[in-house]
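Structure record follows, encoded as structure tokens.
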Amino acid sequence: MKTIHTVFFKEITENFRDRRTLLTALLMGPLFGPILFAFVINLSVKQSLSNESEALDLPVIGQEHAPNLIAFLQSSNINIMDGPATRAAAIEAVTNGEHDVIIVIPDTFAQDLAALIPATVEVITDQANTQAERESRRARRALQAYNQELAALRLTIRGVSPQVMRPLNIDEVDVSTPSGRSAILLGMLSYFFIFALLTGGMNLAIDATAGERERGSLEPLLCLPVKRDHLIFGKIFAACLFMAISLSLSLTCFYFTLKFMPLVELGMTPNFGPLVVLTAFLLLVPFALVGASLMTMVASFTKSFKEAQTWVSVVLLAPTLPILLVSILMVRPTTALMFIPSLSQHLLLVGLIRNEPVNILHVVVSVGGTLLIGALLTWICARLYRREGLLG
Amino acid sequence: MIRVNGLHKSFGEVRAIRGISFEAKDGRVTGLLGPNGAGKSTTLRILYTVLKPDSGTATIDGVDVVGDALAARGRIGTLPHGSGLYPHLTARENIAYYAMLCDMSPEIIDARVQTVIDQLDINDFADRRTKGFSQGQRTKVSLARSLVHEPQNIILDEPSNGLDVMATRSLRELIRQLKAAGRCVLFSSHVMQEVAALCDEIVIIAEGKVAMHDSPDGIRNATGCADLEEAFVKAILTVEPAE
């Protein structure tokens, strides 16, 4: 016990003096996620909000053929502009991104309309361009509305109620709560937190194994009358502490950046108060043991600090895999899934942010299962440390 | 007292040592001499328990290095080849870390650390972080670190590597002090002058076998060479090469 304690404090002291470790553990890891997140959210919120409220500039070719349609479009917050001279030029303009969407009204429009033949209106757009997709949807919606209005008028003239055209009245009832809607967006947060947690201990885990071997300080250390298991335990626990610090900084940092995000304007009220931050910390922190032992294990196979860095970076990406799969497959949390580290933390965190009642069984299985797997990995590390080949 | 009896060790196809036996007594300096790749480091690594022999035994003060590695390690202070320090800790902290790991009681650690700092004359840089230390400074701190728990047996693997004249002299002085204090000092080297200047006994190793084990004078007599270097060359030629 005393050895573990001694190694633990030595690793902590040493790494607090190492600028590289401090930079990654206490600055890069915790700040990277929230800042990137805030940036992306702000950008996308601004875009979607401006799209709805601002008038859409819409080039229309052949305006003279459909003055009523033009008037209707103008009344639905669309600025009609003069487009390119010809249809060919319009396609060209959309292809090279000059315009996102262009409407072409053929000269037969008025004639067809009068003859009750469906009159063609062309919407030229690039479906591969997401920005254009939003604008063309607005244009199409406006055209659709005009279409319905004309149809209703035609029916009324013939003495038929426009109601006959609507046998169904589809009414969607959205049960998502503002915090539920946030969860979709904030679901990716769990990876930022796990990422911050792992980067926090990364340098220490590498330094304590591959780094120590490279510097030549491992061999004299192993010559001391101490058990190798205790040395490795001390190192893994030290990495855990750095991971926990990094995680708590990341959560705190996110708590503050969230205040500057225009989430309410998106109809979201994220459930991310101080109590949630604390709960999130407690739910996520068991993953530190898995992360620290996994990194130590990977690093003890490598020959140098550089090689270890390469392989340990792979460990940084590993936790994304289950999170990604679940996000794509839209899996609901089950007790069995709670045995999978990183995934269980992700599901619990999402539930927390959605403000759903905490499932105690899930929490127990997640914390217990993660700690168990962490303990198993730690044990494997200790076995690896007993190898002769360790010194390379 | 270190006793080595018929040690064998192979790394895959390579037979690093093939039956090494010798004894290093208390109050004497024993030199392990041999060309590069002769098996010196392998032998020493078995003694400080980071390698396990394929066959044969080794004991430190009667404690078997395989059977009770922990107790054996407690009786030795080692300076492995290319020993490194922790760059972000001061020299004093590096030494104190080892003292704590050797389970010394906290009250005596400070005093004991100061004693080895005085002994190795490293007061000038004892409280500086070891990052950027010269090779000589590093070796001194590593030595101080390995002596902090007052081991009866001291195993040094090529301690004079990379040391300048002054540092080599103070290293020799230290080894003589340890000998005078009744310690068992075993060190490896491939530098003839060093071995000649220090050792009471020389174990010449070549091709993983002991070519000769005697006092410097004994070796000179046995080979009929007045010059120890000539004697060394002659001795290693007596060993048939490993297949």
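Among the aspartates and glutamates, which fall within straight-line cross-link reach of B:Lys179, defined as a Cα-Cα distance under 15 Å, with same-chain neighbours fewer than 8 residues apart omitted?
List returned: B:Asp26, B:Glu150, B:Asp200, B:Glu201.
Defining a contact as two alpha carbons under 8 Å apart and six or more residues distant in sequence, what relative contact order in percent does region A:54-165 show?
It rounds to 23 percent for region A:54-165.
Given springs between every Cα pair under 10 Å in a Gaussian network model of chain A, which of A:Arg20, A:Arg141, A:Arg228 has the largest fluctuation?
Highest fluctuation of the listed residues: A:Arg141.
Please average, across the residues of A:227-239, the number of beta carbons from any other chain that are within 10 Å of each residue's own beta carbon, and give a whole number.
That works out to 1 on average.
Summing +1 for each Lys or Arg and -1 for each Asp or Glu, what net charge is found among the other residues whose Cβ lies under 11 Å from the Cβ of A:Phe305?
+1
With all protein chains present, how much of the accessible area of the protein assembly as shown (probe radius 1.4 Å) comes from carbon and sulfur, to the nearest whole percent? Can you show the working numbers first?
Values: 17720 of 29630 Å².
The C+S portion of the solvent-accessible surface of the protein assembly as shown is 60 percent.
Over the Cα atoms of region B:54-197, each weighted equally, I'd like the Debye log10 I(q)/I(0) at q = 0.14 Å⁻¹, rounded to two decimals.
Once normalised to I(0) and log-transformed, intensities are -0.67.
Using Cα atoms only, what is the angle between the long axis of helix B:106-119 and the major principal axis of chain B, expressed in degrees (0 to 90) to the nearest 10?
60 degrees
About the Cα centre of region A:54-165, how large is the charge dipole given +1 on each Lys and Arg Cβ and -1 on each Asp and Glu Cβ? Please answer in debye to the nearest 20.
Charge dipole of region A:54-165: 600 debye, to the nearest 20.
Angle, helix A:189-206 long axis vs. longest principal axis of chain A, Cα atoms, 0 to 90°, nearest 10?
With both axes taken from Cα atoms, the answer is about 30 degrees.
Can you tell which of A:Leu73, A:Leu155, A:Leu247 shows the greatest fluctuation in a Gaussian network model of chain A with Cα springs below 10 Å?
A:Leu155
Based on alpha-carbon centroids, what's the gap between region A:352-375 and region A:240-311 in Å, whole number please?
16 Å
Which ³J(HN,Hα) values, rounded to whole Hz and listed in residue order, are derived for region B:83-99 from phi using the Karplus coefficients 6.51, -1.76 and 1.60 in 6.51 cos²θ - 1.76 cosθ + 1.60 with θ = phi - 60°, glycine and proline given as x?
Per-residue couplings from phi come out as 4, x, 10, 8, x, 8, 9, 6, 4, 4, 5, 4, 5, 5, 4, 5, 4 Hz.
Take chain B, connect every pair of alpha-carbon atoms lying under 10 Å apart with a spring to form a Gaussian network, then pick out the residue of B:Val113, B:Val148, B:Val233 with the largest mean-square fluctuation.
Of B:Val113, B:Val148, B:Val233, the most mobile in the Gaussian network model is B:Val233.
Whole number in Å², please: accessible area per residue of the protein assembly as shown, 1.4 Å probe, ligands, DNA and RNA not counted.
Roughly 47 Å² per residue, with all protein chains present.
Measure nothing fancy, just the Cα-based angle from helix B:228-237's long axis to the longest principal axis of chain B, in degrees from 0 to 90, nearest 10.
Taking Cα atoms only, the helix is inclined about 60 degrees.
With a/c under 1.5 counting as rounded, go ahead and sort the protein assembly as shown into rounded, prolate or oblate using the C-alpha gyration tensor (a ≥ b ≥ c being the square roots of the eigenvalues; past the cut-off, prolate if a/b is larger than b/c, else oblate).
Numbers: a/c = 3.71, a/b = 3.03, b/c = 1.22.
Taking the square roots of the gyration eigenvalues as a ≥ b ≥ c, the protein assembly as shown is prolate.
Putting +1 on Lys and Arg Cβ atoms and -1 on Asp and Glu Cβ atoms, find which of A:Ala132, A:Asn96, A:Asn147 reaches farthest to the positive end of the dipole of region A:54-165.
A:Asn147
Each residue of region B:173-190 in order: what ³J(HN,Hα) in whole Hz does its phi give by Karplus 6.51 cos²θ - 1.76 cosθ + 1.60, θ = phi - 60°, with x for Gly and Pro?
These are the phi-based 3J(HN,Hα) values: 4, 5, 4, 5, 4, 5, 4, 4, 7, x, 7, 9, 10, 10, 9, 9, 6, 10 Hz.
For the protein assembly as shown, what is the percent of antiparallel DSSP beta bridges, rounded to the nearest 5?
On the way: 25 of 50 bridges.
Percentage antiparallel, nearest 5: 50.
At the nearest 100 Å², what buried accessible area, both sides summed, do you get for A and B when the probe is 1.4 Å?
Details: alone 20910 and 11410 Å², together 29630 Å².
That pair of chains buries around 2700 Å² in total.
From the square roots a ≥ b ≥ c of the eigenvalues of the alpha-carbon gyration tensor of chain B, which class results: rounded (a/c under 1.5), prolate (a/b over b/c), or oblate?
prolate
The values are calculated or read from the model by the stated rules, or taken from the named source; none is laboratory data. Nothing here was measured: the structure is a model prediction, and the numbers come from that model. Cβ atoms come from the backbone with ideal geometry, glycine included; neighbour counts cover every protein chain shown. Accessible surface is based on the protein model in full, side chains and every heavy atom, while ligands, DNA and RNA are left aside. Shrake-Rupley method; radii C 1.70, N 1.55, O 1.52, S 1.80 Å.
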